[in-house]
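What follows is a single structure, written as structure tokens, with notes after it.
Quick note: the coordinates plus some simple rules give every number you see, no bench work behind them. Since the model is a prediction, treat every value here as computed from it, not as a measurement. Here Cβ is always computed from backbone atoms with ideal geometry, including for glycine, and neighbour counts include all displayed protein chains.
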């Protein structure tokens with residue numbers, strides 16, 4: 001029992017984690033993943049993504065019994081009916097979630113037990129860009145600030161290192177910070 | 001009644017839209033927005049963002065009665081318990097939602113009535129990057145593909161133009177495609 005408790009750290013099965021790392025090290029093809037989302041417009045600023053299948057570890061994943069359904073919207077001042085967070089807020093959520101999970105996995109690998117991880121994110125923008133009123137400002141956030149509060153059974157400098165490592169390895173941080181080629185095609 | 005119906009196109013109040021554009025043109029300071037998210041770790045790959053307040057149009061918005069609560073997770077193969085879409089999937093959702101809403105707003109301004117907007121998104125990645133197994137691949141998606149299907153009361157070339165315009169003005173497309181400076185601070 002003590003062994004099992006020791007094996008599960010921060011809600012992560014460390015033995016499974018090491019096994020996964022070894023398997024992918026052995027066979028790099030298992031590291032190829034493809035994630036997907038399907039979105040359909042409902043009305044106005046209200047649209048919904050359905051997220052279920054993905055490819056990874058050499059096969060089409062079938063472990064998800066049900067699709068996730070995620071609704072987006074806009075507040076009244078941006079012409080919507082608040083049917084969900086807006087897309088820019090979802091981007092902040094994606095960034096926060098990815099940095100947090102990466103941090104938790106790194107802590108688990110380093111045998112640090114966490115007791116608290118919180119983050120606050122802010123993104124600044126001038127909506128004159130996306131509204132097409134000027135070309136002098138960009139459409140998206142000019143900058144994003146993330147503040148982490150981390151507690152656990154390690155000295156403050158070790159906890160701060162976890163956040164550094166999370167930045168160095170986070171999937172969404174990389175994409176939001178460095179950009180990704182996006183190809184858009186249309187059937188009309 | 002016909003006038004009201006004509007004013008509401010694609011679920012968007014076109015008169016309110018023109019009014020908003022005029023007001024921001026008149027007073028550019030109204031275009032300054034700040035969006036926010038707060039995230040807290042629950043266990044393992046499970047964390048939750050709370051999204052409510054934002055600043056925009058010259059004031060702290062108080063029109064949202066309740067906060068949105070959005071859960072992230074990872075599937076079993078990535079050491080989680082499927083408590084929600086994963087962060088990379090949320091990024092695809094943010095991108096789909098933003099392109100779609102931008103497209104709907106542009107169609108409304110151009111007096112095009114839409115009957116269907118659907119999109120399918122795929123992002124490719126090699127998880128050896130984020131797992132720290134190699135520095136030869138990036139952490140995030142190497143590329144993202146978006147396919148739109150758009151129907152409405154305009155010729156196909158006009159509908160395709162809507163997608164082009166959405167790419168040119170979408171907040172999240174800009175950020176994902178071009179990247180954003182992100183500052184991360186820590187309290188530990």
### Query
Put the label 7 Å from Cα along Cα→Cβ for residue A:183; what are its distances to the other copies, in nanometres, shortest first?
3.8
### Query
Taking other Cβ within 10 Å of each residue's Cβ, how do B:17, B:175 sort, fewest first?
B:17, B:175
### Message
Can you give me the angle between helix B:156-169 and the longest principal axis of chain B, using Cα atoms only, in degrees from 0 to 90, rounded to the nearest 10?
### Response
60
### Query
How high is the relative contact order of region A:1-124, in percent, with contacts defined as C-alpha pairs under 8 Å that are six or more residues apart?
19
### Query
Which number do you get for Rg(Cα) / (2.2 N^0.38 Å) in the protein assembly as shown?
1.00
## Note on the structure
Inter-copy distances for residue A:55, label 7 Å out on the Cα-Cβ vector, sorted ascending, nm, one decimal, are 4.5
### Task
Could you quickly flag the chain A residue whose beta carbon comes closest to the rotation axis taking A to B, and that distance in whole angstrom?
A:179, 2
#### Entry: For region B:137-176, the spread of Cα positions along each principal axis, largest first, Å
44, 17, 11
### Query
What are the label-to-label distances in nm, one decimal and shortest first, from residue A:13 to the same spot in the other copies, with labels 7 Å along Cα to Cβ?
5.3
### For A:185, A:50, order by how many other beta-carbon atoms lie within 10 Å, fewest first
A:185, A:50
### Query
In degrees, nearest 10, range 0 to 90: what is the angle between the Cα axis of helix B:14-26 and the longest Cα principal axis of chain B?
80
### Calculated FRET efficiency for the pair residue B:8/residue B:76, C-beta based, R₀ 30 Å, to 0.05
0.10
### Query
Under the Kirkwood approximation for Rh and a Cα-based Rg, what ratio Rg/Rh is obtained for region A:109-188?
1.14
### Message
How would A:115, B:101, A:102 line up from fewest to most surrounding beta-carbon atoms within 10 angstrom?
### Response
A:115, A:102, B:101
### Query
How big is Rg to Rh over chain A, alpha-carbon atoms, Rh as the Kirkwood inverse-mean-distance radius?
1.01
### Query
Hey, what number do you get for chain A at 222 nm if only DSSP H runs of n ≥ 4 count, each worth -39500 (n - 2.57), divided across all residues, to the nearest 500?
-10500 deg cm²/dmol
### Query
Once fully extended, how much extra length lies between residue B:115 and residue B:168, figured as 0.36 nm per residue of separation less the alpha-carbon to alpha-carbon distance?
16.9 nm
### Query
Measuring from centroid to centroid over Cα atoms, what is the spacing of region B:64-94 and region A:20-55 in Å?
11
### Query
Helix B:87-109 sits at what angle to the longest principal axis of chain B, using alpha carbons and giving 0 to 90 degrees rounded to 10?
10
